[in-house]
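*Asks:* Got a structure for you, written out below as structure tokens; questions coming shortly.
A short reminder: the numbers here are calculations on the coordinates, not readings from a lab. The structure presented is a predicted model; accordingly, all values stated were derived computationally and were not measured. Neighbour counts run over all protein chains shown; Cβ positions are idealised from the backbone, glycine included.
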Amino acid sequence: MITETIEYNHNGFIARVIVSEANGIIGTRRSRLRALAVAEMRLAFSANGHELTDDAELNDEWVLRVLTYPNLIAPVTAIDIGGNLSLPDFKYFSEGLPEQFLIQWEEAVHRINPHWWGERDEDEAKKEPTPSI
């Protein structure tokens with residue numbers, strides 16, 4: 001399995017995360033986190049009497065909670081954020097972590113799991129038969 005390590009050190013904030021190429025467990029974890037996030041967001045929208053497009057702040061949270069958080073958390077195999085070895089909950093992830101760290105983390109996950117963004121790796125694309133006329 002391919003893994004990638006993200007190390008971040010800025011203004012006293014030190015973090016290290018190791019992410020892995022997706023397998024069945026990681027893919028299922030991502031799906032479970034996404035399903036849970038969708039359910040939570042539906043409750044939040046309905047409790048506030050909102051539709052999905054009514055509140056920009058809730059829409060921003062929707063994207064972060066349903067797409068970004070599951071994509072970054074699911075492939076984590078090891079983590080150390082300021083000495084904390086536990087996965088961050090959504091609140092700390094969204095409000096407590098520096099954006100530049102999250103960007104580096106997302107870029108690493110994207111490199112090793114491009115299919116999560118609808119992309120295929122080049123070897124897979126080459127395997128597809130070329131239509132003949």
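*Asks:* Rounded to the nearest 0.05, what FRET efficiency is calculated for Glu99 and Ala44 with R0 set to 35 Å and r the Cβ-Cβ distance?
*Replies:* Here the calculated transfer efficiency is 0.95.
*Asks:* Answer with one residue from Ala74, Phe101, Leu64: the one whose Cα lies farthest towards the positive end of the charge dipole of the range 58-104, charges on Cβ with Lys, Arg +1 and Asp, Glu -1.
*Replies:* Ala74
*Asks:* Just to confirm the filter: which GluC sites (Glu not before Pro) across the range 1-52 are DSSP coil and have at most 11 other Cβ within 10 angstrom of their Cβ?
*Replies:* Glu51
*Asks:* Less than 13 Å Cβ to Cβ from Leu33, Lys/Arg counted +1 and Asp/Glu -1: what total charge do the surrounding residues give? The partial results should precede the final answer.
*Replies:* Working: positive: Arg29, Arg30, Arg32, Arg34, Arg65; negative: Glu40, Asp89.
That works out to +3.
*Asks:* With a cut-off of 19 Å, note down the residues of the range 67-83 whose backbone N falls inside the zone around a label point 7 Å from the Cα of Asn9 toward its beta carbon.
*Replies:* Only 79-83 pass the distance filter.
*Asks:* Taking neighbour Cβ counts within 10 Å as the exposure measure, how do Trp117, Trp105 sort from fewest upward? Please report the intermediate quantities before stating the final value.
*Replies:* Details: Trp117 11, Trp105 25.
The fewest-first ordering by Cβ neighbours comes to Trp117, Trp105.
*Asks:* Once the piece of chain linking His110 and Glu21 is laid out straight, how much longer is it, given 0.36 nm per residue of separation minus the C-alpha distance between them? Could you put the intermediate results ahead of the total?
*Replies:* Details: separation 89, 0.36 × 89 = 32.04 nm, distance 0.96 nm.
Length difference between fully extended and current span is 31.1 nm.
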